[in-house]
């Protein structure tokens, strides 16, 4: 090993072998980079709030409706009233469904402990305007006239599924009953009641809002635009078969007067 060339060659080989061994050792110990893909959480059922909404009669200052996650209408605009009860925009009925679903819903709903959305309204004050023309389509709702600021009560127990600022309905509330078979629609509200938010569990009679004239309602004739729909199997709040609320409200009002 007296030759300088031989010593250089041996040293070079030793260095290469050591470098290769070190590289192999550290690459085996280092964790591999993991690429994660964010996936949206599946939408679960609407969860009730505890405790239920109070019976406060004071408007909630600054309460605003949630305006996201609204399906587009037929024109691509962000107004779901293309397919909700009481819409002035016509929408095609699902195949095989009629505008109304018979009268069986009246007996089913009035067998429950429902309350009038506006307290103290007599049956004689109500008018059946379900089939009245409003623009290009039918009204498909009952208007309950009342002074601005009058408390609006949940007609049935269930969850608030949507607060929506609608071009036509103004401040609106969509409520499902506990069975998630029916959707109740309250429109032209002046404000929402304190504590009301999407997912809130409300009992029949809980104050959820206040009569107004928001949307396309006449400012000189504040009222509650109230509608009921039979939900489709997919339970979209903006879709369903419109049901005439008049016979239901008349029976509730008549029972309350006894």
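The values are calculated or read from the model by the stated rules, or taken from the named source; none is laboratory data. Computed from a predicted structure; not experimentally measured. Please note: Cβ atoms are built from the backbone with ideal geometry, for glycine as well, and neighbour counts cover all protein chains shown.
Quick notes
- Checked against the criteria, residue 155 counts as over 15 Å from residue 238 (Cα atoms) and over 13 Å from the mean Cα position of the chain (by Cα).
- Residue match in the stretch 242-249 (condition: surrounded by 22 or more Cβ atoms within 10 Å (Cβ to Cβ), over 15 Å from the mean Cα position of the chain (by Cα) and assigned to a strand (DSSP E or B)): yes
- Criterion: free of Cβ contacts under 8 Å to residues at least 60 places away in the same chain, part of a loop (DSSP other than H, G, I, E, B) and in the same structural domain as residue 112 (by TED's automatic domain parsing) - qualifying residue of 204, 219: 219
- Looking across the stretch 131-156 at every residue that is out of contact with any strand residue (DSSP E or B) (no Cβ under 7 Å at 6 or more places or on another chain) and surrounded by 13 or more Cβ atoms within 10 Å (Cβ to Cβ), the one that is nearest to residue 206 (Cα to Cα) is identified as 139.
- Test set (1) more than 15 Å from residue 229 (Cβ to Cβ); (2) buried (at least 24 other Cβ atoms within 10 Å of the Cβ); (3) under 12 Å from the mean Cα position of the chain (by Cα) - residue 188 fails condition number: (3)
- Hits in the stretch 106-133 (condition: out of contact with any helix residue (DSSP H, G or I) (no Cβ under 9 Å at 6 or more places or on another chain), part of a loop (DSSP other than H, G, I, E, B) and farther than 14 Å from residue 182 by Cα): 111, 113, 118, 131, 132
- Filter pass, residue 110 being more than 21 Å from the chain's Cα centre (by Cα), at pLDDT below 95 and more than 13 Å from residue 225 (Cα to Cα): yes
- Count of the stretch 214-241 residues, restricted to those that are farther than 14 Å from residue 105 by Cβ and surrounded by 18 or more Cβ atoms within 10 Å (Cβ to Cβ), is 11.
- Condition broken by residue 161, with the remaining ones in (1) assigned to a strand (DSSP E or B); (2) crowded, with 22+ Cβ neighbours inside 10 Å satisfied: (2)
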